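The structure appears right after this line, and notes come after that.
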Amino acid sequence: DTEVTQTPKHLVMGMTNKKSLKCEQHMGHRAMYWYKQKAKKPPELMFVYSYEKLSINESVPSRFSPECPNSSLLNLHLHALQPEDSALYLCASSLSKDNTGELFFGEGSRLTVL
Amino acid sequence: QQQVKQSPQSLIVQKGGISIINCAYENTAFDYFPWYQQFPGKGPALLIAIRPDVSEKKEGRFTISFNKSAKQFSLHIMDSQPGDSATYFCAASGNSGGGADGLTFGKGTHLIIQP
């Protein structure tokens, strides 16, 4: 199994809503990532988890709250988002934070904030 | 400050031709250089990657050329096919594989292969 599975694939939410994006991998990877991608732009790193601990937070606003319940799951909790937060949110994983290997991306969750 | 510069921004190639995308980096601590392919509505997928200890790596129709002294690397797609039409991102990492800080991406090249 070489997949990173993200749900939901599409999400529309109002600025006062609370929602969550979910990510799952069963490759035994111990590093998991959230990226944000705007149209026609490269992915931008948001968070890195290493062995279920937050390793890197790239100055992301607090309305985005990551959570790593276990080594296979990664969540991104969303609250009081702004329309400019509309984007494709990509989850990725790698063997470890310091390991040689590729980054596996999921297909993303396309978020629209009204 | 963009650490990986990618060109061209868009590229149109005839079917059967060679597609060439170039990248340049500044950080000499980078030691892993992957190329990602992304189709519309999909996440990026690793295409091919190279380390600084080799100057060229070939996988099927895809070749990476690497020039350490010039801090440049490029992707060549031989016998380009319409199915190769996608956005291509070069990337670099200072931690052998995209771990640690994740990957630093170039801005992407939108490639169209005309039948």
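About its Cα centre, the dipole of chain A is roughly 380 debye, where the only charges are +1 on Lys and Arg Cβ and -1 on Asp and Glu Cβ.
For the protein assembly as shown, the dipole from Cβ point charges (+1 on Lys and Arg, -1 on Asp and Glu) about the Cα centre works out to 480 debye, to the nearest 20.
Can you give me the accessible area per residue for chain A, using a 1.4 Å probe, in Å²?
On the way: 5610 Å² over 114 residues.
Per residue, chain A has 49 Å² of solvent-accessible surface.
Can you flag which of A:53/B:58; A:9/A:38; B:15/B:107; A:22/B:5; B:5/B:57 are past 27 Å Cα-Cα? A:53/B:58; A:22/B:5, as the Cα separations exceed 27 Å there. Bin width 5 Å, origin at 0, all Cα-Cα pairs of chain B: what percent of pairs per bin? Percent of pairs per bin, in order: 2, 13, 24, 26, 20, 10, 5, 1, 0.
Exactly which trypsin sites (Lys or Arg not before Pro) in the stretch A:1-48 are in a DSSP loop and have at most 15 other Cβ atoms within 10 Å? Write out the running numbers ahead of the final one.
Values: sites: A:9, A:18, A:19, A:22, A:30, A:36, A:38, A:40; in loops: A:9, A:30, A:38, A:40.
When the trypsin sites (Lys or Arg not before Pro) of the stretch A:1-48 are filtered for loop state and at most 15 Cβ neighbours within 10 Å, A:9, A:38, A:40 remain.
Charge tally around residue B:22: other residues with Cβ under 14 Å, Lys/Arg +1 each, Asp/Glu -1 each, net +3. Placing unit charges on each Cβ (+1 for Lys and Arg, -1 for Asp and Glu) gives chain B a dipole about its Cα centre, and among B:83, B:44, B:30 the Cα reaching farthest toward its positive end belongs to B:83. Counting Lys and Arg as +1 and Asp and Glu as -1 over every other residue whose Cβ lies under 14 Å from the Cβ of residue B:83, the net charge comes to +1.
Annotation: amide H-H contacts under 5 Å for residue A:96 (H modelled 1.01 Å from N, sequence separation of 5 or more, or interchain): A:30, A:31. Within the assembled protein chains, the solvent-accessible surface assigned to residue B:26 is about 70 Å², based on a 1.4 Å probe. Listed values for the stretch A:102-114 are Karplus-derived 3J(HN,Hα) couplings in whole Hz (6.51 cos²θ - 1.76 cosθ + 1.60, θ = phi - 60°), namely 8, 8, 9, 9, x, 7, x, 10, 8, 9, 10, 10, 8, and x replaces Gly and Pro. Buried accessible surface for the A/B pair, both sides summed and rounded to the nearest 100, is 1600 Å² with a 1.4 Å probe. For chain B, the share of accessible area belonging to carbon and sulfur comes to 49 percent (1.4 Å probe, ligands and nucleic acids excluded).
The values are calculated or read from the model by the stated rules, or taken from the named source; none is laboratory data. This structure is a prediction, so every number in the text was calculated from the model and none was measured. Cβ sites come from the backbone with ideal geometry, for glycine too, and all protein chains shown count toward neighbours. Calculation scope for accessible area: heavy atoms of the full protein, side chains included, ligands and nucleic acids excluded. Shrake-Rupley method; radii C 1.70, N 1.55, O 1.52, S 1.80 Å.
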